[in-house]
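Laboratory data are not the source of any read-out in this text; all were calculated from the coordinates shown. Keep in mind the model is a prediction, meaning the values are calculated, not measured. A quick note on method: Cβ atoms are made from the backbone with ideal geometry, for glycine too, and the neighbour counts reach across all protein chains shown.
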Amino acid sequence: YPLGILALQGDFAKHADTLSRLGVSYRFVRTASDIEDIAGLIIPGGESSTIGKMLVSTGLLDVVCDKTRKGLPIFGTCAGMIVLARELDQTEQPRLGLMDITVRRNAYGRQIDSFEADIETKIPGIPTLRGVFIRAPKIVNKDPEVETLATFEGDPVLVRQGHLLAASFHPELTTETGVHRFFYENVIYHSP
Ligand code: GLN
């Protein structure tokens, strides 16, 4: 089965480029029927409140929640992490709420909205990677079963909970493919 890339709003085309470089087939997901027979779903960066509203208006919100509770793996980047978060600490907005993390929107870079930094990871074979942060969300709390796979300045920026993976940064905006490969090879095929 191909991977699904949620293509309602945001930088979904960049995820498609990354999957193409990896040789992984994909399908853009815009309606509830697009979600049949996919191996996993990527939720891109963008504007999380818009993505959340569109998940509601397309009917995808309930369908994705249902599929994910039955095992559909999800990888969310930046806005995609916000959409996955169970709790937001300053605002409320429609979202999937499936991952046991609390997230603060736009919490990095008070003076500058965007920056790049080398971050250390626990992914086998990827000791460091270049993190692109764009008005990035910060994980301010997480349940113990959420595993930290990478940190920046001591805060988790890449986390996994079973078949859910979320990054504060944008692995789809660099030429690196390691985080997508990890999702495809480890999270999808070795989900507990
Ligand atoms: N700040 C955006 C939001 O809150 C996320 C930014 C991004 O995805 N680059 O939705």
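Note on Lys142: aspartates and glutamates with a C-alpha under 15 Å away, same-chain residues under 8 apart excluded, are Glu87, Asp89, Asp100, Asp155. How much net charge surrounds Thr151 when only the other residues with a Cβ under 15 Å from the Cβ of Thr151 are counted, with Lys and Arg +1 and Asp and Glu -1? Neighbour charge sum, excluding Thr151 itself: 0. From least to most packed, judged by other beta carbons within 10 angstrom and beginning with the fewest, Met99, Met81 follow the order Met99, Met81.
What order, most packed first, do the peptides 123-133, 178-188, 160-170, 50-60 have when packing is the mean number of other Cβ atoms within 10 Å of each residue?
Result, highest mean first: 160-170, 178-188, 50-60, 123-133.
Applying the criteria of a DSSP loop state and at most 15 other Cβ atoms within 10 Å to the GluC sites (Glu not before Pro) of the stretch 108-148 yields Glu145.
Taking only alpha carbon atoms, the stretch 32-96 gives an Rg to Rh ratio of 0.94, where Rh is the Kirkwood radius.
What the Cβ-Cβ distance of Asn106 and Val56 gives, at R0 = 25 Å and to the nearest 0.05, is a FRET efficiency of 0.70. If both residues of a DSSP beta bridge must be in the stretch 31-190, then about 70% of such bridges are antiparallel. Label separation (Asp118 vs Thr148): 2.0 nm, computed from points 7 Å beyond Cα along the C-beta direction. By the Stokes-Einstein formula, at 1.567 mPa s and 4 °C, the stretch 121-192 with its Kirkwood radius over alpha-carbon pairs has D equal to 103 µm²/s.
May I ask for the Kirkwood hydrodynamic radius of the stretch 51-192, worked out over all distinct Cα pairs and given in angstroms to one decimal?
Working: mean 1/r = 0.0656 Å⁻¹.
Computed over Cα pairs of the stretch 51-192, the Kirkwood hydrodynamic radius comes out at 15.3 Å.
Considering only alpha-carbon pairs that sit under 8 angstrom and 6 or more positions apart, the relative contact order computed for the chain is 19 percent.
Here the contact order of the stretch 29-97, divided by its residue count and restricted to Cα pairs under 8 Å and six or more residues apart, works out to 40 percent. Per residue, the average separation of C-alpha pairs within less than 8 Å and at least 6 apart gives the stretch 99-160 a relative contact order of 36 percent. Using R0 = 22 Å, the C-beta based FRET efficiency linking Thr91 and Ala32 works out to 0.25.
Based solely on its DSSP helices, what 222 nm [θ] is calculated for the chain when runs of n ≥ 4 H residues each add -39,500 (n - 2.57) and the sum is averaged over all residues, nearest 500 deg cm²/dmol?
-6000 deg cm²/dmol
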